[in-house]
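*Asks:* Okay, here's the structure, questions in a sec.
What follows is calculated from the coordinates using simple rules that are stated; it is not laboratory data. Nothing here was measured: the structure is a model prediction, and the numbers come from that model. Counting neighbours? That spans all protein chains shown, and the Cβs are built from the backbone with ideal geometry, glycine included.
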Amino acid sequence: MPDPIRTALYRLFDADDELLYVGISKDPAARWKQHQSRTPWWRDVAMRTVEWYDDRPAAEAAERKAIQTESPRYNVVHRPTPIPGRIPPVATRPQRTLADVYRDRPLTDAQCRRIVALLGLRDRLAGGVR
């Protein structure tokens, strides 16, 4: 039986204390460098926390529970249900928002009305889209 390897559970937060990502690694600093070079959301990370576990299975269980109960924005694996307003992810990319989808394409009036209705903002827009 191999020796247990201490494994860290880390959480990444933005400047507004929104949880962006939960992950595990035996070397969090090296993993963060990977995130920095591979993920577009890394620029939003303002705070990091780390909890150490005696072995990887314990860290994996804690990671699964944290993702399912805390709903970090960019985790894909272990998510219990899709987040409203997000396109269901595929395994090779993080979840995308409507802003990501329509970044380079203007919305039609019909699309704007549909989004406003889905978000329940119709009554909050004074003289805006109806």
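*Asks:* Once you put a point 7 Å from the Cα of residue 14 and another 7 Å from the Cα of residue 65, both along the Cβ direction, what distance in nm separates them?
*Replies:* Result: 2.8 nm between the two label points.
*Asks:* Over segment 1-55, how many percent of alpha carbon pairs lie in each 10 Å bin up to the one with the longest distance?
*Replies:* 24, 50, 21, 5, 0
*Asks:* Follow-up. Scan around residue 73 for amide H atoms under 5 Å from its own, H built in the peptide plane at 1.01 Å from N, and keep only partners 5 or more places away or cross-chain.
*Replies:* 20, 21
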